[in-house]
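Asker: Just passing along the structure, written as structure tokens.
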Amino acid sequence: MTHTPFRRALPRALFLLSSALWLAPSSAAEPAKPATPAPATSKPAAAPASTAKPAAAAATPAAKPAAAAPAAAKPAAAKPTAAKPAAAAKPSTANANLVWRGDIASSRGFMNELAKQYEREKKVKIQITPFSTISGIDAAMQGTADFAGSLRPAHGKRPEESGLTFIPVAWDGLVMITSPANPVSSISIKDIWRVYYGRADNWKLLGGNDKGINMYAVAGPLDGVEYALRWLIFKNGDQRVAVPRLYLNTSKLEEGVTLDPAALAVSTLSNTAGNPKLKLLNVEGVVPSTASVRDGSYPLYTPVYVVLREDSKNAAAVKDFVAWLDTPAAKTALLKRQLLPYSDGLTLKDGDEKRLAMIETKVNETPISAPAATAAALSRVAPTSTLTQEAKAEAADSRSKKAKSKKEEKAEKAAADKAKADASAAATPKETSGG
């Protein structure tokens, strides 16, 4: 126990001794400076320090070019600047969330479902803000919505709409709706014209019960559904009509129709198909359906438009959505909602002149021959088209046949009258003179 402090101190002493021996050469070199006999010779000894300065100076210029290398790298740093246009294109592909505004019929009919599917497939969220057609168009124009939905084209009396692009993306049927309690199942184009004009105000005139016809319509100005029907029937989408019951939107209108067996209104096929609380009337005996719209046998159909401003920040992203609507998946979704994809119904566009002429013929109050009415209507719709010239030729041929028929009928009547007179004369007994 008495040797313990010594044992602890011994390693410490050895460590200090070894350290002193290791430092001894450097310590021996230091005293050599005061041993210099002449102070003048110390200056040359300092000279190497002076000469070291140029070396330091040389090192400084050499370092500057090395520092210039990062400056030379600045052009490389400019590459991200050149990439900015590519970054600006990103919203057109996937990352821009969009805002859609339009009428309730369109939002319920198809946009709600299409927006969900588009988000699943493309990871782009479309916010649906339904209200009315004109509010959607105005929102697209003012930039508070990226695009709008409309069942009508630009209205000529609103010059502000001329700055918007209306892209047709689908075809929808315009359907006349009533309550399932109403016994009437079909309506003619002429009757639609008469009812809206106030010329027919009782269901009895349409083959129904002896009850007044209660007309319903959306009150908003230039509503897409109302506009589309009135343009077809009256050639004026803003036509004034005899409709006393006005509603804020299609949703409220349909609620009223379901409760009123004497109601009559217009809606869309996409918005009403499969609704058991509403009865869709046949038009000219044709059932409204995607198939009858596709082949043109159902006469009341209209394009569905996407409306946008070409200079809006998300215009490219909206056009991506429009392009997606022509994909097989989107077409399937449209057909499921009773909409015909626009590219699947291009023959409807080609035959539109004939359809419009037929509708005008149906609503014409003065009964004239069908060929003449068709020719007259086509002359107003498209006076120089080949179809119009063919209709005029058909009308002329019809008139010729009728004139010939009347002439033959007159000759036949004259011959019949003569034969009758001859027969009567032959049957009359001759008088004989007496002797």
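Asker: Taking 24 Å as the cut-off for C-alpha to C-alpha distance, list the pairs among LYS123/LYS349; LYS252/LYS277; LYS123/LYS313; LYS116/LYS319 that go past it.
Answerer: LYS123/LYS349
Asker: Given R₀ = 30 Å, what would the calculated FRET efficiency be for ASP238 paired with GLU119, taking r from the Cβ atoms and rounding to 0.05?
Answerer: 0.25
Asker: On a C-alpha basis, how far is the centre of segment 343-364 from the centre of segment 162-237 in Å? Whole number, if you could?
Answerer: 17 Å
Asker: Please give the FRET efficiency for ASN97 paired with ASN364, using the beta carbon to beta carbon distance and R0 = 51 Å, rounded to the nearest 0.05.
Answerer: 0.50
Asker: For every other residue with a beta carbon closer than 14 angstrom to the beta carbon of THR347, add +1 if it is Lys or Arg and -1 if Asp or Glu, then tell me the sum.
Answerer: Local charge sum for THR347: -1.
Asker: Please give, to one decimal in nm, the separation of the simple spin-label points placed at ASP201 and ASN275, each 7 Å out from Cα toward the Cβ.
Answerer: 2.7 nm
Asker: Among 129-137, 222-230, what's the highest-first ranking by average C-beta atoms within 10 angstrom per residue?
Answerer: Per-residue mean Cβ counts within 10 Å order the peptides as 222-230, 129-137.
Asker: In addition: Could you list which residues have their amide H under 5 Å from that of ILE187, counting only those 5 or more apart in sequence or on another chain, with H placed in the peptide plane?
Answerer: ASN282, VAL283, GLU284, GLY285
Just so you know, all these numbers are worked out from the coordinates, no wet-lab data involved. Please read all numbers here as calculations on a predicted model, not as lab measurements. When we count neighbours, we look across all protein chains shown, and the Cβ atoms used for this are built from the backbone with ideal geometry, even at glycine.
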